[in-house]
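Heads up: the structure comes next, in structure tokens.
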Amino acid sequence: MAADQLSKVFSALSDPTRRDILVRLGEGVATVTALAEPFPISLPAVSRHLKVLEQAGLISRDRQAQWRTSTLRAEPLKEATTWMEHLSHLWDERFDRLDIHLAAVKKQREQNTPTPDDKEQNDD
């Protein structure tokens with residue numbers, strides 16, 4: 001997936017209404033009217049949300065007789081998930097290395113920290 005297409009996917013997913021629309025489309029094909037039903041927004045506003053989702057490749061829109069239907073396209077979501085999982089693995093590796101480093105620093109400090117008995121001997 002091209003970086004700019006990935007940006008379109010994340011931009012589309014940034015809006016809670018669009019995420020809710022995708023969840024609804026996960027149940028099957030729906031018309032604009034059906035998708036608009038649970039939202040306190042106008043049909044043109046829902047249509048604008050659908051246009052953003054379509055431009056991101058997250059849905060496809062078809063005309064069936066007088067109805068315009070929308071269908072979820074999972075491929076861009078899978079590609080975005082793959083990209084995020086790659087980054088997650090990178091960060092996990094970095095955190096693992098940091099844990100090892102911090103444990104070594106802690107061990108070194110414990111070895112170099114004088115005990116109360118050492119302080120008494122140095123005072124004599």
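The values are calculated or read from the model by the stated rules, or taken from the named source; none is laboratory data. What you are looking at is a predicted structure, and each value in this text was computed from that prediction instead of being measured. Methodologically, a virtual Cβ is constructed for each residue, glycine included, from the backbone with ideal geometry; neighbour enumeration extends over all protein chains shown.
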Hits in the stretch 20-60 (condition: loosely packed, with under 15 Cβ neighbours inside 10 Å, among the charged types (D, E, K, R) and within 23 Å of the chain's Cα centre (by Cα)): Asp20, Glu27, Arg48, Lys51
Flag if Trp83 is on the phi < 0 side of the Ramachandran plot, at pLDDT below 95, among the aromatic types (Phe, Trp, Tyr) and surrounded by 12 or more Cβ atoms within 10 Å (Cβ to Cβ): yes
Unmet requirement for Thr71, which otherwise passes all of (1) in contact with a helix residue (DSSP H, G or I) (Cβ under 7 Å, 6 or more places away or on another chain); (2) exposed (fewer than 14 other Cβ atoms within 10 Å of the Cβ); (3) free of Cβ contacts under 8 Å to residues at least 24 places away in the same chain: (3)
Helices (runs of 4 or more DSSP H) wholly inside the stretch 23-120 containing at least 2 residues that are acidic (Asp, Glu): 75-112
